[in-house]
Amino acid sequence: MFDLKNNQNSNQTPKNNEDYKIKDNLKDESRRNLLKNTAYATAGVGAVCALLPFIDSMNPSKDVQALASVEVDISNIKVGEEKKVMWRGKPIFIKRRTPQEIDDAKKVELSELKDPQNDSDRVKAGKEEWLVTIGICTHLGCVPIGGQGEYKGWFCPCHGSQYDTSARIRKGPAPKNLEIPPYEFLNDKTIKIG
Amino acid sequence: MSTNNDHKSHINDPKTPNEELQVFHSIHNDIDQSITEKSKIAGWINDRLPIIATLENTLKKHPYPKNLSYWWNFGSIAGICLVIQILSGLFLAMHYVPNTKHAFDSVEHIMRDVNYGWLIRYIHAVGASMFFVALYAHMIRSLYYGSYKAPREVLWWAGIIIFLLTMATAFMGYVLPWGQMSFWGATVITNLFSAIPVIGESIVQWLWGGYSVDNPTLNRFFVLHFLMPFLIVGIVLIHLMALHTTGSNNPSGVPMKSKKDSIPFHPYFTIKDMVGFAVFFLVFGYFLFFYPNALGHPDNYIPANPLVTPAHIVPEWYFLPFYAILRAVPDKLGGVLMMFGAIILLFFLPYLDRSKVRSGAYRPIFRKFFYLFVINFVFLGWLGKSPAEGWYIWASRLTTMYYYAYFLLILPILPRFEKTIPLPDSIDEHFKQKHV
């Protein structure tokens, strides 16, 4: 089995000065260290591999991923009105803007903006009437209220961030414009979000 | 450590359990708060919290008998099973819904939709069986080598409490998927308490939180199933504390007499435990990846239906011997008492076994009764899953009687007649007989 007599002294260099013994010992030690480190490394890789499925189990599951897109009927939204729908558990604002609001949004100089972006980059060409945004304040995740604030866009009640009629951040602590979700017009009456 | 530690023992040949403790503590005397780890951070921490000294004492300085066989692997294997169950259970609990309307579906959701959910659930279900394999092996080891005898009574009791808590936890866990076996298992087991005279009925209603097994029952079982493993961890720490105070028993059963009888845990038993883990995980993996449902019951994939009892209702395999005892007795209260008594009896084992010789290896007649006991126990399990009719009933009555007779008659009386084989002088000598 194992050599018990050597066990007591195995970690110490021999007391006598015979060079060959010390050399042998060092050689043994470095071999043993290589074996030890190889074993540790293998065990470490194994442990990480074993952990991965557990960590992945906390990612969105397949049924959650399957709910990744919704279709919305927009035919009943009047000019100036806003509709809220849920997409991936988040509120989506679908705003049918008035000509005045579109005008206000287009007039703004990029240099005035904290997160510079043209209004035309935030709507679909030819469908400027429709502004679709994720209704979550980019500060700390509250839901802003429509038609309020100095810029007549959205106002976040939590910390006073103010957005304009293109849902761009104009004032307050939020760093970014309201996010635009991926969406497309299936026809004049329906959009598909996601 | 205790006061035993203060005076050096001059006993060379411990005869009584108390002397054994004194000798063990004097061998174990060099345990102190200084550490061999040289890094500055380790030193800084240890001066404030002696955790590194504790680890070093346990792993490097604590004396273990050098003749331990592979039967001594099952404690650490049971330990790793507990860790696996807690970890996999934690991740399952993130997806499971403890409500009668959603429980079954949420388990199927785990199996089909959650990333690697099938793997985690099968780890948990097969892991429960593996845990019991380890526990039973660990207990059979103790029964054969007399590990429950003085001075290790408290160590043994802590072990029985772990066994009981684990059975309770496993039972409640089996209810959670809310399949047919879950529901009817829960109904049968909770109804055991209705056998208690006068207050039985109220106790059962209290357990249920209603007039049958229903949503309140499921909800509390989930909470308790989550809580109890952590209680088990607590008792395991007590179990280990007792182990480090009395030292391990060994295959010869003779007490440790000097340093020569011992080796440190690390590296000898860390390596040996790894070998045990490797073999154990092969068996675990075999079931996990090839037969994950072999140890369960197919009826549990049918959603719970309070109107229809399955034709043949059986508990999980690890409860079968005790279930057989329950059914062997033709009286409601009697059956329940005999079943619980079969485990309660284990608490008295240190006093029932009168033999001065610990290890079964030196008790030729005991050994035969012991093997018969093991075969009898397995047979009880087989009877537990057979239908309760005809000759099965008579067989289970006979096996139940032998189970009790082993503890109540054979262990107390046998030592009066038995001529034991001479013991080796020391662990060192036993080791040399075996390995040199």
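Annotations
- Over all pairs of different C-alpha atoms in the protein assembly as shown, the reciprocal of the mean inverse distance, the Kirkwood hydrodynamic radius, equals 30.4 Å.
- Label-to-label distance, nm, for residues given as residue B:42 and residue B:60 (7 Å Cα→Cβ offset): 0.6
- Fraction of accessible area attributable to carbon and sulfur, region B:57-180 (%, probe 1.4 Å): 70
- Going from the chain on its own to the full set of protein chains, region B:101-119 has these residues losing 10 Å² or more of accessible surface (heavy atoms, 1.4 Å probe, no ligands, DNA or RNA): B:109, B:112, B:113, B:114, B:115, B:116, B:119.
- Rg followed by Dmax, in Å, when region B:9-93 is reduced to its Cα trace: 18.2, 56
- Residue ranking by accessible heavy-atom surface, 1.4 Å probe, largest first, among B:246, B:420 comes out as B:420, B:246.
- Chain B - mean residue ellipticity at 222 nm from DSSP helices (-39,500 (n - 2.57) per run, n ≥ 4, rounded to 500): -19500 deg cm²/dmol
- Per residue solvent-accessible surface (Å²) - region B:117-230, probe of 1.4 Å: 35
- Each helix, a run of at least 4 DSSP H residues, gives -39500 (n - 2.57); summed and divided by the residues of chain A, these come to -9500 deg cm²/dmol at 222 nm.
- Based on C-alpha pairs under 8 angstrom that are at least 6 apart in sequence, chain A has a relative contact order of 17 percent.
- To the nearest 10, the accessible area of residue B:406 is 0 Å² with a 1.4 Å probe.
- Dipole of region A:29-119 computed with +1 at Lys/Arg Cβ and -1 at Asp/Glu Cβ about the Cα centre; of A:79, A:48, A:91, farthest Cα towards the positive end is A:48.
- Computed log10 I(q)/I(0) for region A:91-169 at 0.14, 0.15, 0.23 Å⁻¹: -0.40, -0.47, -1.13, from the Debye equation with unit scatterers placed on every C-alpha and solvent omitted.
- Residue order for A:49, B:81 - accessible surface, 1.4 angstrom probe, largest first: A:49, B:81
- The solvent-accessible area of residue B:207, taken with every protein chain present and a 1.4 Å probe, is close to 40 Å².
- Share of pairwise Cα-Cα distances greater than 23 Å in region B:201-337 is 66 percent (whole percent).
- Drop in accessible area of at least 20 Å² in the complex versus isolated chain, residues of region A:54-89, 1.4 Å probe: A:54, A:56, A:57, A:58, A:61, A:62, A:63
- Take chain A with all the other protein chains still there, run a 1.4 Å probe, and you get 63 Å² of accessible area per residue.
- The alpha carbons of region A:150-194 give a radius of gyration and a Dmax of 13.4, 38 Å, in that order.
- Protein accessible area in region B:238-364, 1.4 Å probe - carbon and sulfur %: 74
- Relative to the globular-protein estimate of 2.2 N^0.38 Å, the Cα radius of gyration of region B:246-326 stands at 1.87.
- Solvent-accessible surface (1.4 angstrom probe) belonging to residue A:104, in square angstrom, nearest 10: 50
- Cysteines in chain A lacking any other cysteine Cβ under 4.7 Å from their own Cβ: A:49.
- On the basis of the beta-carbon distance and an R0 of 22 Å, residue A:29 and residue B:275 show a calculated FRET efficiency of 0.40.
- Kirkwood-type radius of region B:107-258, with distances r between different C-alpha atoms, in Å: 18.0
- Relative frequency of Cα-Cα separations exceeding 43 Å in chain B, percent: 20
- Chain pair A, B: total accessible area buried, heavy atoms, 1.4 Å probe, Å²: 1600
- Charged-residue dipole, Cβ positions (Lys, Arg, Asp, Glu), the protein assembly as shown about Cα centre, Debye nearest 20: 1400
- Normalised by the number of residues in chain B, the average gap of Cα pairs under 8 Å and 6 or more apart makes the relative contact order 22 percent.
- The reciprocal of the average 1/r between distinct C-alpha atoms defines the Kirkwood hydrodynamic radius, which for region B:53-171 equals 16.7 Å.
- From phi via Karplus (6.51, -1.76, 1.60), per-residue ³J(HN,Hα) for region B:310-323 in Hz, x at Gly/Pro: x, 4, 10, 9, 10, x, 4, 3, 6, 9, 4, x, 6, 5
- Summed over the residues of region B:300-390 and divided among them, the accessible surface reaches 50 Å² per residue at a probe radius of 1.4 Å.
- Taking GluC sites (Glu not before Pro) in DSSP loop conformation with at most 11 other Cβ atoms inside 10 Å as exposed sites, chain A has its longest uninterrupted site-free stretch at A:19-108.
- Relative contact order [Cα under 8 Å, 6+ residues apart], region A:130-188, whole percent: 31
- Region B:33-69: trypsin sites (Lys or Arg not before Pro) in DSSP loop, at most 15 other beta carbons within 10 Å: B:38
- Taking the 1.4 Å solvent-accessible surface of chain A as the whole, the part contributed by carbon and sulfur is 53%.
- Directionally averaged shadow of region B:289-426, computed from the convex hull of its alpha-carbon atoms, nm²: 12.6
- Over chain A, all Cα pairs binned in 5 Å intervals from 0 give whole-percent P(r) values of 1, 6, 12, 13, 12, 8, 6, 4, 4, 3, 3, 3, 4, 4, 5, 5, 4, 2, 1, 0, listed from short to long.
The values are calculated or read from the model by the stated rules, or taken from the named source; none is laboratory data. Just so we're clear, the structure is a prediction, and the values are computed from it rather than from any experiment. All Cβ positions, even for glycine, are placed from backbone atoms using ideal geometry, and neighbour counts span all protein chains on display. These accessible areas exclude ligands, DNA and RNA; they are computed on the full protein's heavy atoms, side chains included. Shrake-Rupley method; radii C 1.70, N 1.55, O 1.52, S 1.80 Å.
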